[in-house]
1. Please enumerate the residues belonging to segment 113-124 that are over 16 Å from I71 (Cα atoms) and either modelled with pLDDT of 90 or more or in contact with a Lys or Arg (Cβ under 6 Å, 6 or more places away or on another chain) (or both).
2. May I ask you to list the residues in segment 72-90 that are on the phi < 0 side of the Ramachandran plot and crowded, with 19+ Cβ neighbours inside 10 Å?
3. For P101, only one of the following conditions fails: (1) at pLDDT below 95; (2) open to solvent by less than 30 Å² (accessible area, probe 1.4 Å); (3) under 14 Å from G15 (Cβ atoms). What is its number?
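The values are calculated or read from the model by the stated rules, or taken from the named source; none is laboratory data. Because the structure is a prediction, the values reported are computed rather than measured. Heads up, the Cβs are rebuilt from the backbone with ideal geometry, glycines too, and the neighbour counts pull from every protein chain shown. The accessibility values were calculated without ligands, DNA or RNA, using every heavy atom of the protein model including side chains. Shrake-Rupley method; radii C 1.70, N 1.55, O 1.52, S 1.80 Å.
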Amino acid sequence: MSEEWKHASWVSTLGKWAWLIGIVSGVIDILIVLPSLMLLASLPYGIGMAIGYPIWWIIAGILVILISFVIIRPKFSNKCANKDWDGLCNWVIPLGSIKFPWMLFWGIVVEVLGYGWGGFAIIIPALVLIFAGPKPYEWKAVK
């Protein structure tokens, strides 16, 4: 696979920083909710039971931070930085006869948990690599 292709420069740059963007997304999610969490905790019992939503947002923020550091950085961002397109295209989930890309899976997970923007730095490079990469992505598993 050719190391340089039409989108290599910006895909490499965005993917290289995707793990940090995910961490920032998780931290912002946590910081946005803390004031409402403190307000709800100070309300009388019963009213303060609505506290579940802010707690979930904090848990999701922590999960995004962990996923970004433990999975995205070594498995996606480092490969983007090194322009290891083969490594990214071969990082797959075998689902019967389909090879689903892990990078797209984790991008969707970070996007859902990050409430709207944390996963875009993973999803956009992943989609470009899959649909406009240096060679066609092979969706079918070879048996």
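1. Of everything in segment 113-124, just one residue is over 16 Å from I71 (Cα atoms) and either modelled with pLDDT of 90 or more or in contact with a Lys or Arg (Cβ under 6 Å, 6 or more places away or on another chain) (or both), namely I124.
2. I72, F76, S77, K79, C80, W85, L88, C89
3. Only one criterion in (1) at pLDDT below 95; (2) open to solvent by less than 30 Å² (accessible area, probe 1.4 Å); (3) under 14 Å from G15 (Cβ atoms) is unmet by P101, namely (1).
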